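One structure is given below, encoded as C-alpha cells.
The values are calculated or read from the model by the stated rules, or taken from the named source; none is laboratory data. Please read all numbers here as calculations on a predicted model, not as lab measurements. In this analysis, Cβ positions are derived from the backbone assuming ideal geometry, glycine residues included, and neighbour counts consider all displayed protein chains. For accessibility, only protein heavy atoms count, side chains too; no ligands or nucleic acids. Shrake-Rupley method; radii C 1.70, N 1.55, O 1.52, S 1.80 Å.
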Amino acid sequence: MAEGEGTVHVTVRARTRIRVGAFALAVVALLVSVACVPVRARLDAAFGAGATAFVIDFGLYNLVYVAAAVSLLPTRRGVSARERAGWWSLAAAFALSALGNAWYTLVLVHLPEVPYPSLADALWLAWYPLNYVAIILVLTARVGRFPLSVWLDGLVAGAGAAAVAAALWFEPLTAMEQGTPLATVVVSMAYPVFDLLLICLLVGVAYMVRLAARRWLALLGIGFVATGFADVVSAVQTVDGTYVEGGWLDPVWLLGVVALAAAALPARNVESIDALSLVTQRNGGSLRVMAVPLASAAGSLALLQLGQGDRFPPVAGVFAGLCILGAGLRAALTFRDLARLADVHREARTDDLTRLANRRALYEGAERTLAAAARSGSPTSLLLIDLDGFKEVNDSLGHAVGDELLVAFARRTEASLPAGVLLARLGGDEFAVLAAGTGSAAAVELAWRLVAGTSEPYEVSHVRLSVDVSIGVATLGAGVGGRGDLLRQADVAMYQAKGSPHRVATFDRDNGPEDEAGGERLALLTRLREGLATGGVRPAGGGHLELHVQPKVTLADGRLDGVEALARWRDHDGRLLAPAEFLPLVQRGGLLPALAAEVLDGAVRIAARLATAGVEVPVSVNLSAVDIHDAGLPGRVAALLARAGVPPAALVVELTEDSLVTDPDTAAGVLAALRALGVRVSLDDFGTGYSSLAYLRRLPVDEVKLDRSFTVGVGVDAAADAVIAHTVGLVHALGLHLVAEGVEDEGTAERLRELGCDSGQGFLWARPVPVEELLAGPLARAAAERGDRAVGVVG
C-alpha cells in the first residue's frame, strides 16, 4: 500500500471513530437524562434545584445536541455533496439549538424578567428551516429526483394534514391580548407555523416513499416526529400552564435528536431508494395508493366549508387551500399523463416507418377477431405477404430507397383493401392482412388482387422499381383454433408460395400438421445458418453445401464446352435438397451473401480440380442480385482465383435478367470489372425478363443462355422454331455465344443445332453430379484426351 493511500485510510478510520464515539456519548447522555426524570425531585432536594438544573438541563441536555452534531460533521468518503450538505445543515440545527439552550440557561433565567422574544428564540427558530433543508437534501441525494406528480402527491397529503392540525390546535397557541408587541406576535405565531410546515413536510415525505422506507429514512422520520411532537405538546402545555421543565417531555426532544444522528451513522451498505420504483409501485391498486391524497383533499374541502364564519384560524384555510391547489394541479397532470399514455399506447401498436399497425397490433386484433368469430360463427382469414427481392433493393440502392419502397407499397396496398380489413407490417418486408368474416375463396381472391396491384412499377427516388409479392393464405373456421394456429398456417403457406412458381398459396391441411411443417422449416433454416457460417467446415450433426456440376456440350461435335456448378444442400439425415427446397429459406434468412461466398469458392476449387485432371473447360456459377451489385465482388473473385492458381478465363459468372432490375448501371460496372479480370459473363434464363434486348445492348455479356421454356416444342412447333431462329441471329450478330437449356433428347439437340445454337445443356448428356463422377464419364475423358493431344502437338 502506498504511503498516501495509507494516510487516507487512517484518516477515514479516525473520522469514523470520532463519529461513532460522539454518537455513543449522545446515547449515554440521553439515557442518563431519562434516568433522572423520575428522581428529579430527590436530586433537587439533595443537591439543590439550581445545581441539578445546571447539570441536567444545561449539561446533559446540551451534551446530547453537541455530541449529535459532532457525529454528523466528519462525513465518510463516497457521500455526495448534496447529502453532505444535508447532514451539515442538520448539524447546524443541533448546534444552534444547543446555543439557544445555553443562552437561556446561563443568561436569561438569571434576569429579573425573561425577555420574549430573545436571542434564544432566534436560535431555536433556526432549527426549523435548517431541518427542512436537511430533509430535502438528504432525501433527494439518496432517492433521486422525484417526478412532479410525486411531489404534488406529497404536497396534497402534507398540506391536508397540516390544515387539520391547524384547525385543532393552532388558534389557542396564538391567542394574544390587545396591545401585544408585533415582535411577540410574530415569534409566537412562528413556532406553530413552523411546526405545521414540519408536519406538512413529514406527512408528504412519508406518503412519497410509502412502503419503500429504509432504516435511515425511518430514523429520520422518528427523529422529526419526536421533536415535532415535543414542540407541539410543550406549546400546548405552556399555554395551559402545565409545562414542567425537566419532566418527561424533555427526553422526547433528546430521543428525536439521537434518532436523527443515528440516520447518518456509517453503514456497510446504505440502502438507497429508486425514485422510479416509487412511481411504478402498485400496492393494492390505484385507489389505495391515492387514498391519502384523496382523504387530504376531501378534508380540506370540508374544513373550508365548515370554517366559513371564522370557526377555524386563517392559517388552516391557507394549508387547506394549498392542499386543494396541489390536488387540482395533480389532476391536471394526471389528465396530461393519460393523454400521453394514450399516445404511447397508439405508438406502441404502430409501425414507425409505414404508420400501419405493427406486429403487436396484429396479434391483439387477431385475438379480438377470433373471439368475435367464435361467437358469430364466421371464418377469419390471414394473408401473409412477403416482397420478393426486397433485400436486393436494400443492398444495391441503400436502405433509404428500401424504406421509401416499403412506404409506397403500404400506401398502394392500403388503398386497395376493403373497409374493415387490418393491414399490418410485421417487420422488414413482411406484411399481413387480417380479414374478419372472410372465407378461404374470398381471401384467395383478395390475395390475387394484391398481386395484381404490384404489376405497376413503383416510382421511388426517381427510380422505377418492379417488385413481386408472395402471399400465404390461411383461414380458420369459427372456434377451430387460436391466433398461433392462424399465424403458423399462414407462415407455412407463405413458405410454399416462396418455393413455387405461383405467387399465392393456401394452407393445405392434407399436407401434414402445420406445426410439423413450420417446425421443420425453422429447423432447416437453423441448419442452413449454421452450415453456411462455418466457411466450408462441415458441422457435426448438421447439413452442408455441396456443388454438383452439369456439362455444357457443343451441339456441332458433342464436345464438352464447360460445366455449370449448381448448389445442393446435403441435410443432416443425408437427404439431398434441390435449390427450390432451400433457396427460399436462404433468401428469407438473409443468407444469400454467405451462400454466394461458398458457391464461388467451390466453383474455383472445381475449376482447379478439372485442370488437374486435364479437363480445360470453364466453370459457370450463378450469382444473385446482391452479388452483382456488390462493388467488392471483383476483388474477392481475383483473390480466390489467385489462391487456387486458376486463370480467370476458367470462371464464368451467370446472372438472370430479373436480378438486374433494381440498378442496371451498378451491375454493369461490377460486370465490367469482372471482365477486365478475364472472367466471362453469361446472361441466364434469357427471354423471361422484361428488357432482354436492352440488357444485351448495355451489359458486358459474353454468353446468352436460352431459357428451357423456349426449347419445349422445338422441331414440333413452327412458332417455337421461328423464335429460336431469330434469337440465334440476334445473339450472333452481337458476337455472343448461345447456350440452349433444357435439352433432354437427341431430336431437340439436332433441331437446335440446325437452328444455329452453339451449345446445349440438359439431361440428354448428364444430370447434375459431383465433379468426380463427371470426371469418370466419357465427356470428361474425351476432353482430357483432347488436351493431351494438344499438349503433344505443341511440344
Subject >> Share of carbon and sulfur in the accessible heavy-atom surface of the stretch 693-785 [1.4 Å probe, %] >> reply: 55 percent
Original post:
If Lys and Arg each add +1 and Asp and Glu each add -1, what is the summed charge of the other residues whose beta carbon sits under 12 Å from the beta carbon of Glu404?
Top reply: -1
Original post:
Efficiency by 1/(1 + (r/R0)^6): what FRET value for Leu265 and Ala122, r their Cβ-Cβ distance, R0 = 30 Å, to the nearest 0.05?
Top reply: 0.50
Original post:
If you stretched the chain out fully between Leu353 and Val233, how much longer would it get, using 0.36 nm times the residue separation minus the C-alpha to C-alpha distance?
Top reply: 36.6 nm
Subject >> Length released on extending from Glu414 to Asp485, taking residue separation times 0.36 nm less the Cα-Cα span >> reply: 23.1 nm
Original post:
What is the sum of charges around Arg483, taking Lys and Arg as +1, Asp and Glu as -1, for the other residues whose C-beta is under 11 Å from the C-beta of Arg483?
Top reply: -1
Original post:
All other residues with a Cβ under 15 Å from the Cβ of Leu43 taken together, and with Lys, Arg as +1 and Asp, Glu as -1, what is their net charge?
Top reply: -2
Original post:
³J(HN,Hα) across the stretch 644-655 via Karplus (A = 6.51, B = -1.76, C = 1.60, θ = phi - 60°), whole Hz, x for Gly/Pro?
Top reply: 8, x, 10, x, x, 5, 7, 10, 10, 9, 10, 9
**OP:** Find the accessible area per residue for the stretch 554-644; the probe is 1.4 Å, ligands and nucleic acids are left out, and the unit is Å².
**Re:** 38 Å²
Original post:
What is the set of long-range amide H partners of Thr350 at a cut-off below 5 Å, with H atoms built 1.01 Å from backbone N?
Top reply: Asn358
Subject >> Efficiency of FRET from Cβ geometry, His399 and Arg82, R₀ 60 Å, rounded to 0.05 >> reply: 0.85
Original post:
Simple spin-label model, 7 Å along Cα-to-Cβ: Ala725 to Glu785 in nm?
Top reply: 3.7 nm
Original post:
Sorted by average packing, counted as other Cβ atoms within 10 angstrom per residue and highest first, what order do 752-760, 473-481 take?
Top reply: 752-760, 473-481
Original post:
How would you rank 606-618, 632-644, highest first, on the average number of other Cβ atoms within 10 Å across their residues?
Top reply: 606-618, 632-644
**OP:** Report the label-to-label distance for Ala649 and Ala776 in nanometres (one decimal), using points 7 Å from each Cα along the Cα→Cβ vector.
**Re:** 3.2 nm
**OP:** For the stretch 48-129, with all protein chains present and a 1.4 Å probe, just round the carbon and sulfur fraction of the accessible area to a whole percent.
**Re:** 73 percent
**OP:** Give me the lysines in straight-line cross-link reach of Lys552: C-alpha distance below 23 Å, same-chain residues under 8 apart excluded.
**Re:** Lys705
Subject >> Inter-label distance, nm, simple model (7 Å from Cα along the C-beta direction), Leu329/Glu530 >> reply: 6.2 nm
Subject >> Whole-Å distance, taken between Cα centres, linking the stretch 355-429 and the stretch 700-732 >> reply: 41 Å
**OP:** Mind ranking 403-410, 244-251, 670-677 by how tightly packed they are, going by the mean number of other C-beta atoms within 10 angstrom, highest first?
**Re:** 403-410, 670-677, 244-251
